[in-house]
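Quick note: the coordinates plus some simple rules give every number you see, no bench work behind them. These numbers were taken from a predicted model, which means no experiment stands behind them. Neighbour counts are summed over all protein chains in view; Cβ atoms, including those assigned to glycine, are modelled from backbone coordinates with ideal geometry.
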Amino acid sequence: MRQITDAFDSTRRAQTLLVLLPPAQARPEDFLAQGFVAAVRARGIRADLTLVETTYQQLMDKTGVSLLHEQVVLPAQAAGYAQVWLAGISLGAFHALYYAAEHAHHLAGVHLMAPYPGTSDVLAEICTAGGPLAWADAPYEGQGDERAWWRWLCREAQSGEWTTPVHLSTGSEDRFVRGQRLMADLLPAAQVRTVPGGHAWPVWQALWQQWLDHGPLALPAVRAQTGASGG
């Protein structure tokens, strides 16, 4: 997996690594061009960043999770990072959920921006069953598709513990909002945010900035200034 790194301090490693996964047809460089790295640095958040190239083909051949694990997360932990966060947009969020379903204990948390919620047949199954929790109660013997991470989300929601916190943010007019709302219903309300707009970079920029100001990596002074209390 091609990676671009950006360190908070070039002389020493931070305790937190924030891994960014791009949307479809985007590259790691787009996070730089769209100001995502600059937004982190402007806030003085003490985290190193790794921008990772992920592709639709990795989903099709089911190599995305193993590549993330072997080439990104495990090396980060071996290097001494105490916390690893995954943050993805659209298809990148889809990759992040696949990873979390298999390796949640390796993550401090996940931030899903405008996540692609899965194929229409799976969403139809969930809706016909009466929602994610009712759907997850039915027997299931398959593996390797989005049903696996949907069931992981449902298990976490049913436990109420959220040992690996999941944050979801999206635009109110996002083209995947129907499925995203099903996902959001499983999460603590404080970890769900919506801004006006559709499935596009300006909306994702706003979502990112809100999460940096209000989320778990926000500096206490920033939280106080914005009146945030989490999420």
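Scan region 105-121 residue by residue and report those that are under 17 Å from residue 165 (Cβ atoms) and either crowded, with 21+ Cβ neighbours inside 10 Å or over 12 Å from the mean Cα position of the chain (by Cα) (or both).
Keep residues of region 105-121 that are under 17 Å from residue 165 (Cβ atoms), which gives 105-113, 115.
Correct list: 105, 106, 109, 110, 111, 112, 113, 115.
Condition first: touching a Lys or Arg at 6+ places or on another chain (Cβ under 9 Å) and not in a strand (DSSP E or B). Can you find one or more residues in region 41-54 that meet it?
yes
Scan region 1-29 for residues that are without any contact (Cβ under 8 Å) to a residue 60 or more places away in the chain and among the charged types (D, E, K, R) and jot them down.
Taking region 1-29 and keeping what is without any contact (Cβ under 8 Å) to a residue 60 or more places away in the chain, we get 2, 4-12, 25, 27-29.
Passing the criteria: 2, 6, 9, 12, 27, 29.
Going through 157, 138, 206 one at a time, which residue ends up being in a helix (DSSP H, G or I), out of contact with any Gly (no Cβ under 9 Å at 6 or more places or on another chain) and on the phi < 0 side of the Ramachandran plot?
Working: 138 fails: in a helix (DSSP H, G or I); 206 fails: out of contact with any Gly (no Cβ under 9 Å at 6 or more places or on another chain).
Testing whether each residue is in a helix (DSSP H, G or I), out of contact with any Gly (no Cβ under 9 Å at 6 or more places or on another chain) and on the phi < 0 side of the Ramachandran plot leaves just 157.
Out of everything in region 58-84 that is assigned to a helix (DSSP H, G or I) and of a type in the set (Gly, Ala, Ser), what residue ends up being farthest from residue 104 (Cα to Cα)? Reasoning before the result, please.
Residues of region 58-84 assigned to a helix (DSSP H, G or I): 58-60, 64-79.
Imposing the further condition that a residue be of a type in the set (Gly, Ala, Ser) reduces the set to 64, 66, 76, 78-79.
Values: 64: 15, 66: 13, 76: 15, 78: 17, 79: 19 Å.
The selected residue is 79.
Scan region 136-146 and give yes if some residue there is over 30 Å from residue 17 (Cβ atoms) and either in contact with a Pro (Cβ under 7 Å, 6 or more places away or on another chain) or surrounded by 16 or more Cβ atoms within 10 Å (Cβ to Cβ) (or both), otherwise no. It would help to see each step written out before you state the result.
Keep residues of region 136-146 that are over 30 Å from residue 17 (Cβ atoms), which gives 136-142.
Of the ones still in play, those that are also either in contact with a Pro (Cβ under 7 Å, 6 or more places away or on another chain) or surrounded by 16 or more Cβ atoms within 10 Å (Cβ to Cβ) (or both) are 136.
The answer is yes, given that some residue of region 136-146 is over 30 Å from residue 17 (Cβ atoms) and either in contact with a Pro (Cβ under 7 Å, 6 or more places away or on another chain) or surrounded by 16 or more Cβ atoms within 10 Å (Cβ to Cβ) (or both).
Being under 16 Å from residue 108 (Cβ atoms), surrounded by fewer than 21 Cβ atoms within 10 Å (Cβ to Cβ) and not basic (Lys, Arg) is the requirement here; does residue 163 meet it?
Numbers: under 16 Å from residue 108 (Cβ atoms): yes; surrounded by fewer than 21 Cβ atoms within 10 Å (Cβ to Cβ): yes; not basic (Lys, Arg): yes.
Yes, satisfied.
Need pairs with beta-carbon distance below 9 Å; first residue among the charged types (D, E, K, R) and within region 122-133, second part of a helix (DSSP H, G or I); sequence gap 6+ or separate chains.
125/135; 125/147
Do we find a residue being touching a residue at least 12 places away in the same chain (Cβ under 8 Å), of a type in the set (Gly, Ala, Ser), touching a helix residue (DSSP H, G or I) at 6+ places or on another chain (Cβ under 7 Å) and at negative phi anywhere in region 42-51? Talk me through it step by step, then tell me what you get.
The first filter runs over region 42-51 and keeps only residues touching a residue at least 12 places away in the same chain (Cβ under 8 Å), leaving 43-51.
Next cut, of a type in the set (Gly, Ala, Ser) only: 44, 47.
Now narrow it down to the ones that are touching a helix residue (DSSP H, G or I) at 6+ places or on another chain (Cβ under 7 Å): 47.
Restricting the remaining residues to those that are at negative phi gives 47.
Within region 42-51, one or more residues are touching a residue at least 12 places away in the same chain (Cβ under 8 Å), of a type in the set (Gly, Ala, Ser), touching a helix residue (DSSP H, G or I) at 6+ places or on another chain (Cβ under 7 Å) and at negative phi.
Filter region 48-75 down to residues that are surrounded by fewer than 19 Cβ atoms within 10 Å (Cβ to Cβ) and under 23 Å from residue 211 (Cβ atoms), then give me how many there are.
Residues flagged as surrounded by fewer than 19 Cβ atoms within 10 Å (Cβ to Cβ) and under 23 Å from residue 211 (Cβ atoms) within region 48-75 amount to 1.
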